[in-house]
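Okay, structure first, notes after.
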There are 2 protein chains.
Amino acid sequence: MASDATDLRVLKTRAAIQSHFLGLLLQKNFNEITVKDIASAAKIGRGTFYLHYEDKYNLLETVVKEGLAETVGKFRPHEYFTDDKVVPTRIVGFALTIFQHFKKNDRFFRAMLFNEGIPMFRHRMQSLFLAKFRKEIQQVHLPPQKADPLMLEILPIFISSAMIGLVSWWFENQMRISDREMAERIFLIVTRGPLKALGLGFQDEPNKKSPHGM
Amino acid sequence: MASDATDLRVLKTRAAIQSHFLGLLLQKNFNEITVKDIASAAKIGRGTFYLHYEDKYNLLETVVKEGLAETVGKFRPHEYFTDDKVVPTRIVGFALTIFQHFKKNDRFFRAMLFNEGIPMFRHRMQSLFLAKFRKEIQQVHLPPQKADPLMLEILPIFISSAMIGLVSWWFENQMRISDREMAERIFLIVTRGPLKALGLGFQDEPNKKSPHGM
DNA sequence: ATGCTATTGAACACTGTGTTCATTAATTAT
DNA sequence: ATAATTAATGAACACAGTGTTCAATAGCAT
């Protein structure tokens, strides 16, 4: 293992490997990428690769870890401003930071999200989202005696899954919708509920009795 | 390619291959499974494997395709009964069929959902969900002039992603919550909205003005 | 300028792949 | 039941990719 991480040669080869690796991931599946491919793309000897990474899985792990570490903490609830007033909630601003962060790290997320062969990336990303949403929901959740514990467990999962689905869809569609529009629709769904957000009342509910039997 | 799909020998070996393949998937990652592993688990010659499948990816594809084909059409909205009355919506019943189908095909979904190395399974499953939810939402969506088109596009993605997230979580937790309880919570979230479902009103909304500027 | 160390490139053994072929065994058709 | 048909076997083969080693060379640091 080439260890001196300050040596210019080391920095240069590692940067070359990681950058060209991302480039290859944008072209073909991780499965189909060989160490030979990476080495020749980065214009280094194949043996040199093994001086820095155990194998291509270890390289992937490194890249993913660094990419996600950079993602952590970037999702920050903040106030959201329209032309003249502050929208009275953190929700829109929160969603906004998420979309902006993804747009900024386009190359990384595109390589990771749409490459058949990077199995657990979405799963790991979801852990990040989940942790954030749990905190966020617990902060908003002021009156603790009223809440249903199961609901408290389920809701962050529901929302984080939904958000990841939306972000992925947004990416697939070349981000043709503005991040602001997306955030605003999410605000509507979250505050009014999916059904009412569509623009219609919920017709099948004749009375206010709770239908669930607990 | 051994072609006669009615020959008993063919049926037997294919069944053995697929069954032991699923078994292996429950034990280790798809990446780490070799054709030799599959052949020896199924107690057949390695060459025989290649008489039926091009490679292990082709086998996976076959198994996934059959498994998902069986899944299609199983998600059927229907009425939902509590002890004495019919809950006035299809939603709970719809969610219920989903959870029940997953419980019934435990082995298959467990192998597919939690194996690092089956990249696009969740994605393909989501396509199924998405199609169903699109239909369902369009059916409920009676007054067509009122709806926001972007919302109409986003909502099925939001909900199908959320549902898959919940089902996966449910699986990971050994399905310790009853399918009925899950369906009922989902009903609450969908009809009342995530925030109100938690048991609290939405405090930060002082007036009824729509905060989004479109 | 000199010592240090990262890189090189070729060689090596190894594992897994996918194909072939003659032989054996099981199934189907008569 | 017997013959004809066809699937399964297992060994052999060439091939591609892996991960390691080693002496020689290049580049960096002080």
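The values are calculated or read from the model by the stated rules, or taken from the named source; none is laboratory data. Since we're looking at a predicted model, the values are computed, not measured. With ideal geometry, Cβ positions are generated from the backbone for all residues, glycine too; neighbour counts draw on all protein chains shown. Side chains included, ligands, DNA and RNA excluded: accessible areas come from the protein's heavy atoms. Shrake-Rupley method; radii C 1.70, N 1.55, O 1.52, S 1.80 Å.
Excluding ligands, DNA and RNA, what is the solvent-accessible area per residue of the range B:72-197 at a probe of 1.4 Å, expressed in Å²? List each step's numbers first, then the result.
Working: 5350 Å² over 126 residues.
That works out to 42 Å² for each residue.
For A:Lys28, which inter-copy label distances result when the label point lies 7 Å beyond Cα on the Cα-to-Cβ vector, reported in nm to one decimal and in ascending order?
Reported distances to equivalent positions: 2.5 nm.
How much solvent-accessible surface does B:Val63 expose, in Å² to the nearest 10, with a 1.4 Å probe and all protein chains in place?
10 Å²
Determine how large the accessible area of A:Arg185 is when every protein chain is in place; take a 1.4 Å probe and give Å² rounded to the nearest 10.
Rounded to the nearest 10, the figure is 10 Å².
Work out from phi, with θ = phi - 60° and the Karplus expression 6.51 cos²θ - 1.76 cosθ + 1.60, the ³J(HN,Hα) of each residue of the range B:192-198, listed in order in whole Hz, and give x for Gly and Pro.
Karplus-based 3J(HN,Hα) across the range B:192-198 equals 9, x, x, 5, 5, 4, 5 Hz.
Over 22 Å between C-alpha atoms is what I'm after, so list which of B:Lys74/B:Lys103; A:Lys135/B:Lys196; B:Lys28/B:Lys132 land there. Kindly include the intermediate steps, with their values, before the conclusion.
Values: B:Lys74/B:Lys103 12 Å; A:Lys135/B:Lys196 17 Å; B:Lys28/B:Lys132 32 Å.
Going by Cα-Cα distance, B:Lys28/B:Lys132 fall outside the 22 Å limit.
To the nearest 0.05, what FRET efficiency results for A:Leu11 and B:Asn173 with a Förster distance of 60 Å applied to their C-beta separation? Each step should come with its number before you reach the end.
Numbers: r = 44 Å, r/R0 = 0.74.
Efficiency for this residue pair is about 0.85.
Considering the options A:Phe21, A:Phe49, A:Leu8, tell which one lies farthest towards the positive end of the dipole of the range A:8-62, charges being +1 on Lys and Arg and -1 on Asp and Glu at the Cβ, about the Cα centre.
A:Leu8
Give the average, rounded to an integer, of partner chain Cβ atoms located within 10 angstrom of each Cβ in A:114-124. Numbers along the way, then the final one.
Numbers: counts 2, 2, 4, 5, 3, 11, 5, 1, 3, 5, 0.
Across the residues of A:114-124, the mean count of other-chain Cβ atoms within 10 Å is 4.
On the full set of protein chains, 1.4 Å probe, figure out the accessible area of A:Glu32 and give it in Å² to the nearest 10.
The accessible area comes out at roughly 100 Å².
Need one value for A:149-160: mean number of C-beta atoms belonging to other chains within 10 Å of its residues' C-beta atoms.
Average neighbour count from other chains, rounded to a whole number: 6.
Label-point separation (nm) for A:Glu70 and A:Thr34, each offset 7 Å from Cα along Cα-to-Cβ?
3.0 nm
Find every distance from the label point of A:Gly47 to the corresponding label point in the other copies (7 Å from Cα along Cα→Cβ) and write them in nm, one decimal, shortest first.
3.9
Assigning unit charges at the beta carbon (Lys, Arg +1; Asp, Glu -1) and nothing else, what dipole magnitude in debye, to the nearest 20, does the range B:8-66 show about its Cα centre? Working shown, then result.
Values: 9 positive and 6 negative charges, 59 e Å.
It works out to roughly 280 debye.
One decimal, nm, shortest first: give the distances between the label point of B:Gly73 and those of the same position in the other copies, each label point 7 Å from Cα along Cα→Cβ.
5.4
Please give me the summed charge of the neighbours of A:Leu150: other residues whose Cβ is under 10 Å from its Cβ, Lys and Arg +1, Asp and Glu -1. Don't skip to the end; give the middle numbers.
Values: positive: B:Arg185; negative: A:Asp148, A:Glu153, B:Glu181, B:Glu184.
Once all neighbours under 10 Å are counted, the net charge is -3.
Please work out which residue of chain B brings its Cβ closest to the axis of the rotation superposing B onto A, and round that distance to whole Å.
Of all Cβ atoms in B, the one closest to the rotation axis yields B:Gly193, 1.
To the nearest hundred square angstrom, how large is the accessible surface buried between A and B, total for both chains, probe 1.4 angstrom?
Values: alone 13690 and 13680 Å², together 21140 Å².
By this definition, chains A and B bury close to 6200 Å².
Given a 1.4 Å probe, how much area per residue of the range A:8-62 is accessible, in Å²?
I get 55 Å² per residue for this part.
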